There are 6 protein chains.
Amino acid sequence: MDKQTFDRGLEIRKSVLGAEFVENAIKSADDFNRPLQELVTEYCWGAIWGREGLSLRERSLLNLAMISALNRPHELKVHIGGALTNGVTREEIREVFLQVAIYCGMPAGVDAFRTAREVFAQLDQKV
Amino acid sequence: MDKQTFDRGLEIRKSVLGAEFVENAIKSADDFNRPLQELVTEYCWGAIWGREGLSLRERSLLNLAMISALNRPHELKVHIGGALTNGVTREEIREVFLQVAIYCGMPAGVDAFRTAREVFAQLDQKV
Amino acid sequence: MDKQTFDRGLEIRKSVLGAEFVENAIKSADDFNRPLQELVTEYCWGAIWGREGLSLRERSLLNLAMISALNRPHELKVHIGGALTNGVTREEIREVFLQVAIYCGMPAGVDAFRTAREVFAQLDQKV
Amino acid sequence: MDKQTFDRGLEIRKSVLGAEFVENAIKSADDFNRPLQELVTEYCWGAIWGREGLSLRERSLLNLAMISALNRPHELKVHIGGALTNGVTREEIREVFLQVAIYCGMPAGVDAFRTAREVFAQLDQKV
Amino acid sequence: MDKQTFDRGLEIRKSVLGAEFVENAIKSADDFNRPLQELVTEYCWGAIWGREGLSLRERSLLNLAMISALNRPHELKVHIGGALTNGVTREEIREVFLQVAIYCGMPAGVDAFRTAREVFAQLDQKV
Amino acid sequence: MDKQTFDRGLEIRKSVLGAEFVENAIKSADDFNRPLQELVTEYCWGAIWGREGLSLRERSLLNLAMISALNRPHELKVHIGGALTNGVTREEIREVFLQVAIYCGMPAGVDAFRTAREVFAQLDQKV
């Protein structure tokens, strides 16, 4: 493990997904999934999100599109929250998912919209 | 068909993919694939790309990511060209495809990089 | 938007999925997902389902197969209901999903059968 | 192996894909891929295509849609030929692939159309 | 149906997934899904798992990887249980899913780990 | 970058794929794809292949299955070669791809077999 990349990853991951969420994920890790937590932190968040060349906002746009295409609703929820944090508006999320509907197919678009509405409903309830 | 959406789509499609390429695609269409050409022009390019809310540059970023995830190299080539036209730099395409490698898996990343290098080689030869 | 295509799409959508279901989907739409509802209605149901060349029954068969392949259980449920409305029998749905099992892989077949049984159980309970 | 299912599969496979093509596939099989040839013949063509409940024409429609969704152009070519043999017209293949474009996404539709045109060009050259 | 392959499949299926689970699946089958149950038993478990050339343990490793890639959590749960029965340890399952994370993408890895933890929690509760 | 993980990755990558192949990939890298080469070497080959818990032979089996499922023939070729180096026999590759045919669908199996035969033909020609 590259300590510097890991630390940079941890910092970005917390700033995008929320410190509490990330600390919880790491604290609740056991021997089984700790290597995954470390890989995600170092590799996704340190080695990729930590790169220059695209803004955090642009990286969030990419993830919304890719994770919809990959059909992974759990991760999509996490990254819808992250996108809002990174300055992507709900209107822009709508635009991404309309483009998903055309390029990944209508069922992918319908699923992405339903997932987004669930996230928004949870957020609006908290306020 | 909504003539206004179609015309707007045709204009955007030409500006992104090149007038010659698009006119060729439409001219070479026969009875079999003409309905597809019309669908692509009206719905992809008119009804989606023609929307406000995201810039052409951002829509190109999304397509690079999604079409890599969908494993469609022919269309990826077309949209790498389009992305360059829309102001995405080669360095930014690299960033998108590194993020593809992490979220869609290493083989998806390797394939996207190979496709991009083929497009760049063709472009560099033309000059 | 092409009003004529939209209206034709709305009519077909209601006749396949049920007027109440569709009216509910449209009524419960907010600013966020209204553009998706319109796209689905005009584009899926007007521009494609509204075409001649294949019967509604045949289009339902295609959707059962494709949506199973795409791994989208929410939409699959909707289209199992629509297929029954379009005259596809439960025995024919079984045949489609056995073919899915061979061509898309056994887990895709197992999932499609489980989804169908859930839909059938709901329908049988209503009676 | 169930000899009866295998023989029935061989007969259907030949009638759909052409006797020459199938005999060639079986004759050119070596120890490495002979078990696959047998599996394909017995299970795909005997145990599934040999079932009643859907016509050969309908099974061809399903395969065109599924194999497009699965992104497998080699097999798609084979089954476009088979669909024509089973009485699916070129106009109907067009309808299937327009529906693919909507439900599996535009790049899937574009690829399916290109593949079909390649098959048609080969067939038209033979005449 | 090949009775011998079916019987061999039934035996292996029971030994991997548990006699009670399999008998339940077969007993609860109705006219709708009985052909699937037979296909799975004969074809998956008899014709493939019943082959020599790879051990049951190795076939379980393959299934963990493939079913993660295919994004089918229901079947993944079943095969995590089967893998444990076939002598794959929890530490080895972890290794498989870390490799999934790299080759199929991080969201596939995250989902596979979550599914495994659910299975482990259920098993640990039973004891 | 973690130099130790990178070096370990480079060593394993060379031992599996061949020193010449890997040195060529690295030497021919330009500014565009060098970060990918480094990512592949450090993370795939160092952080994952370099882990204990599964043998190189078992990791090759997993990759054959996953990369077939992911529909990435270029990478599949590379990993068929690597699997042979890691002690997987051609008969065992056949077993993997028969299992792919059942779980990922027949077209995935057919494509994997064709790819394997191409690799074997190239290897046999070299001798």
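The values are calculated or read from the model by the stated rules, or taken from the named source; none is laboratory data. The structure presented is a predicted model; accordingly, all values stated were derived computationally and were not measured. When we count neighbours, we look across all protein chains shown, and the Cβ atoms used for this are built from the backbone with ideal geometry, even at glycine. Accessible surface areas use protein heavy atoms only, side chains included; no ligands, DNA or RNA. Shrake-Rupley method; radii C 1.70, N 1.55, O 1.52, S 1.80 Å.
Here are a few things to note about the model shown:
- Test set (1) small (Gly, Ala, Ser); (2) out of contact with any Lys or Arg (no Cβ under 9 Å at 6 or more places or on another chain); (3) more than 8 Å from chain A (Cβ to nearest Cβ) - B:ALA116 fails condition number: (2)
- Test: B:GLU52 is open to solvent by 10 Å² or more (accessible area, probe 1.4 Å), of a type in the set (Asp, Glu) and not in a helix (DSSP H, G or I): yes
- Only one entry of D:ALA116, D:ALA69, D:ALA65, D:ALA83 meets the criterion of being among the hydrophobic types (A, V, I, L, M, F, W, C), touching a residue at least 12 places away in the same chain (Cβ under 8 Å), open to solvent by less than 10 Å² (accessible area, probe 1.4 Å) and under 22 Å from F:TYR103 (Cα atoms), and that entry is D:ALA65.
- Any chance E:VAL16 is farther than 22 Å from D:LYS3 by Cα and in contact with a Ser or Thr (Cβ under 6 Å, 6 or more places away or on another chain): yes
- Filter result for B:GLU95 (open to solvent by 10 Å² or more (accessible area, probe 1.4 Å), part of a helix (DSSP H, G or I) and not hydroxyl-bearing (Ser, Thr, Tyr)): no
- Top-ranked residue of the stretch F:83-92 - restricted to ones that are of a type in the set (A, V, I, L, M) and part of a helix (DSSP H, G or I), ranked as nearest to C:ASP111 (Cα to Cα): F:ALA83
- Test: A:GLY109 is outside any helix (DSSP H, G or I) and at the interface with another protein chain (Cβ under 9 Å from one of its Cβ atoms): no
- Top-ranked residue of the stretch D:1-19 - restricted to ones that are at pLDDT 95 or above and open to solvent by 80 Å² or more (accessible area, probe 1.4 Å), ranked as nearest to the other protein chains (Cβ to nearest Cβ): D:ARG8
- Subset of the stretch C:73-90 [closer than 18 Å to C:SER55 by Cα and within 8 Å of the chain's Cα centre (by Cα)]: C:HIS79, C:ILE80, C:GLY81, C:GLY82, C:ALA83
- On inspection, B:VAL40 does not qualify as open to solvent by less than 20 Å² (accessible area, probe 1.4 Å) and over 26 Å from A:ARG94 (Cβ atoms).
- Given (1) within 11 Å of the chain's Cα centre (by Cα); (2) at pLDDT below 95, index of the condition D:LYS27 fails: (1)
- D:TYR103, sole failed condition from (1) crowded, with 19+ Cβ neighbours inside 10 Å; (2) of a type in the set (Ser, Thr, Tyr); (3) more than 7 Å from every other protein chain (Cβ to nearest Cβ): (3)
- Taking the listed residues A:ALA69, A:ALA83, the one that is facing chain B (nearest Cβ under 7 Å), touching a helix residue (DSSP H, G or I) at 6+ places or on another chain (Cβ under 7 Å) and modelled with pLDDT of 95 or more is A:ALA69, with no other qualifying.
- Test for A:PHE32: is it away from every other protein chain (no Cβ under 11 Å) and either open to solvent by 30 Å² or more (accessible area, probe 1.4 Å) or out of contact with any Gly (no Cβ under 8 Å at 6 or more places or on another chain) (or both): no
- Which numbered condition F:PHE32 fails, given (1) more than 27 Å from E:THR89 (Cβ to Cβ); (2) at pLDDT 95 or above; (3) not in a loop (DSSP other than H, G, I, E, B): (3)
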